[in-house]
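The values are calculated or read from the model by the stated rules, or taken from the named source; none is laboratory data. Given the structure is predicted, the values throughout are model-derived calculations rather than measurements. Counting neighbours? That spans all protein chains shown, and the Cβs are built from the backbone with ideal geometry, glycine included.
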Amino acid sequence: MSEAFEGRAGGMAAYQELAEALEERYFAILRVEPEADQVLVLQSVDNPEHMGKTLSWTAHLERYGAFLAEPAREKTMRRLSARALLESCRRGEKGISLNLDYVRGGRTNWVTVVTRNRVQKDGRFRCFVFVRQTNEEHLRQRIIDLYVYNTCDFFICLDARNNSYVMFSGSESDTPLPPEICDDYEALVVDYTRDFVVPEDREMVIREMRTARVLEQLERHGVHNIYFGVEDPVRGYTRKQLRYQYYDRRAQLILFSRSDVTGIYLEERARQKELREARRLAETDPLTGLYNYGGIGRRISRILEEDAAPSALLFLDLDNFKQINDSMGHQEGDRLLRKVSRVLQMQSGEGALQGRVGGDEFVVFLRRIRGREQAADCARRICEAVSRLSLPENGSLPISCSIGVALAPEDGWDYRTLCMAADRRAYRAKAQGKNRFLL
């Protein structure tokens, strides 16, 4: 008898310990008989006096529903009523899960209600209801919703080892989504890319989305990003980002998502356009529209560093420009400079660069020339075209120019050396009678 008593005492102690453990996790544990509309309270933190008692399930719901926010109250009465639980059991459902909010102390709190359905030996149904606080879980879920799901077109777990994936979330308000479950990721990449990615990006996207390429980039960088254009049926051209990261490196499980970055893309493109325009203005002579001293120098230097092909630099100096300015005024002098700039653009040929490097000094750069004759022909055309220019009331002052030509690699391989050589020859051409060029 002593052993039996000790067994019962031990069982009660274990039961008490279990109840205390459950109390830390659950607000309430209830056993509902939906056909009888009754509930047995197995655990209740808020109303411990109800523990072990059988109550009306409808009355119990209404009592607790009074504390819930209006949408949660309506959901509770609709989904957890005796009739709803009975229908759930008859449909063979294992149970349901609800997230409900209530206000206490001016703060919104969250609980999760989970039901589990059982069939008794006599065929009657029984539902166990578990209620627990989920403030932290709800916060985590909201963070995931706001910063993951709500910012992604879709969110997928890729099983690289088995060439399959499962989609966890997808927004149907954008470009049509891929299937939620796929057993052939590699084949889907090709089909989906050809259907929706803009033609100029298709080859790149297929290459970068291949499993081998993704794994290679993840091993090297830890993350793999792909940017491409998509033709959206409503919005037209949109810009997308695919982002891959490991979930389980050993199992080769990869999380990847597609996000819309159209706004960022358009903003960056506008910024780059502004930068290009600012750079163009910084490198452009405002009077003639040609490159200025710094602009032409940087561009020619870059070409000479990257291209070893023969090239030519022409240094042009207008003849008698000071007399034109003094006799006709700076306005006519500026007009002449603009006319000369147009001559250089028309006569130097396609691919040539032109710049104004001083008051009446210009540079023309010819890249990948066939030989000395090509440079000489260009200098000759320019001289002849400048000599045909005219200004109102130019009197007896002729308009002409003197040109010096330097060749790369014969005269040097950098801009400064070539420019100095061509300048010296232009000076000698002027000393020899003007209106001519010297190689």
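Here are a few things to note about the model shown:
- Selection within segment 324-351 - crowded, with 18+ Cβ neighbours inside 10 Å and in a loop (DSSP other than H, G, I, E, B): SER348
- Total residues in segment 369-415, condition assigned to a helix (DSSP H, G or I) and touching a residue at least 60 places away in the same chain (Cβ under 8 Å): 9
- Within segment 230-284, the residues that satisfy the criterion of being surrounded by 15 or more Cβ atoms within 10 Å (Cβ to Cβ) and either within 30 Å of LEU353 (Cα to Cα) or over 20 Å from the mean Cα position of the chain (by Cα) (or both) are GLN252, LEU253, GLU283, THR284.
- Among the residues of segment 203-216, those that are in a helix (DSSP H, G or I), more than 17 Å from the chain's Cα centre (by Cα) and charged (D, E, K, R) comprise GLU203, ARG207, ARG213, GLU216.
- Filtered residue count, segment 352-363, keeping only those that are farther than 17 Å from ALA375 by Cβ, of a type outside the set (Asp, Glu) and part of a loop (DSSP other than H, G, I, E, B): 3
- Evaluating VAL111 against the criteria (1) more than 17 Å from GLN133 (Cβ to Cβ); (2) within 42 Å of the chain's Cα centre (by Cα); (3) in contact (Cβ under 8 Å) with a residue 40 or more places away in the chain leaves one unmet condition, (1).
- Selection from segment 281-323 of residues that are closer than 24 Å to GLU384 by Cα, assigned to a loop (DSSP other than H, G, I, E, B) and among the aliphatic types (A, V, I, L, M): LEU287, LEU290
- Filter result for LEU366 (assigned by TED's automatic domain parsing to the domain that holds GLU384, hydrophobic (A, V, I, L, M, F, W, C) and either farther than 21 Å from PRO286 by Cβ or part of a helix (DSSP H, G or I) (or both)): yes
- Residues located in segment 217-276, provided they are at positive phi and either in contact with a helix residue (DSSP H, G or I) (Cβ under 9 Å, 6 or more places away or on another chain) or at pLDDT 85 or above (or both): GLY222, GLN252
- Selection status of ARG91, surrounded by 13 or more Cβ atoms within 10 Å (Cβ to Cβ) and on the phi < 0 side of the Ramachandran plot: no
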